[in-house]
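Peer 1: Structure incoming, see below.
The values are calculated or read from the model by the stated rules, or taken from the named source; none is laboratory data. Bear in mind the structure is a predicted one, so any value in this text is a computation, not a measurement. No Cβ is skipped: glycine too gets one built from the backbone with ideal geometry, and neighbour counts run over all protein chains shown. Heads up: the accessible areas ignore ligands, DNA and RNA and are worked out on the full protein's heavy atoms, side chains in. Shrake-Rupley method; radii C 1.70, N 1.55, O 1.52, S 1.80 Å.
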Amino acid sequence: MNRSRLAIAKRYLLFWFWVDAVSSIPWDLALGPEIGLIKLLRLSRTARLFRVLNVMRALRLVKVFKIRSIIESIEDTVGRQRLHLIRFVLTVLTMVHWACCLFYFTAQLSNYGPNTWVAKQQLQNSPYAKRYIAGIY
């Protein structure tokens, strides 16, 4: 995150300044009465869209800052090495879960035929938990 005022001003001048400048012009006075109300409404919708996008971007930054502060407080409490270990374990568990789901999905695609692991272990009518555990192993 860049906190330099000069860098922020340069970034603003590159794009959002022009959006704000165009949206602040009184188009009805600048173009005269021949432009019509419909064209004026289209211009205001475009300017509103850019403002909404700007607000959404700002909200995303606020969310990122909140997440960073939460992670930093967890790191202070738990410790950096333990946090890396927890993250590693969660990643391995997620990958095992995905592999199990994929393994079961391939058996399901074959309609639990006689050559699938589900049929060989006679798990067609078993509860999902039993099939899940068998799929992991």
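Peer 1: So, for segment 82-136, what is the accessible surface per residue at a probe of 1.4 Å, expressed in square angstrom?
Peer 2: Per-residue accessible area for segment 82-136 comes out at 79 Å².
Peer 1: Enumerate the calculated ³J(HN,Hα) couplings along segment 115-126 in order (Karplus 6.51 cos²θ - 1.76 cosθ + 1.60, θ = phi - 60°), each rounded to whole Hz, writing x wherever the residue is Gly or Pro.
Peer 2: Each residue of segment 115-126 in turn: 9, 7, 5, 5, 6, 5, 9, 6, 10, 4, 9, 7 Hz.
Peer 1: Tyr137: net charge of surrounding residues, Cβ under 13 Å, Lys/Arg +1, Asp/Glu -1, itself excluded?
Peer 2: +2
Peer 1: Quick one: net charge around Val118, please, counting Lys, Arg +1 and Asp, Glu -1 for every other residue with C-beta under 13 Å from its C-beta.
Peer 2: +3
Peer 1: Also: What is segment 82-136's relative contact order, in percent, from Cα pairs under 8 angstrom and six or more apart in sequence?
Peer 2: Normalised by residue count, the contact order of segment 82-136 is 34 percent.
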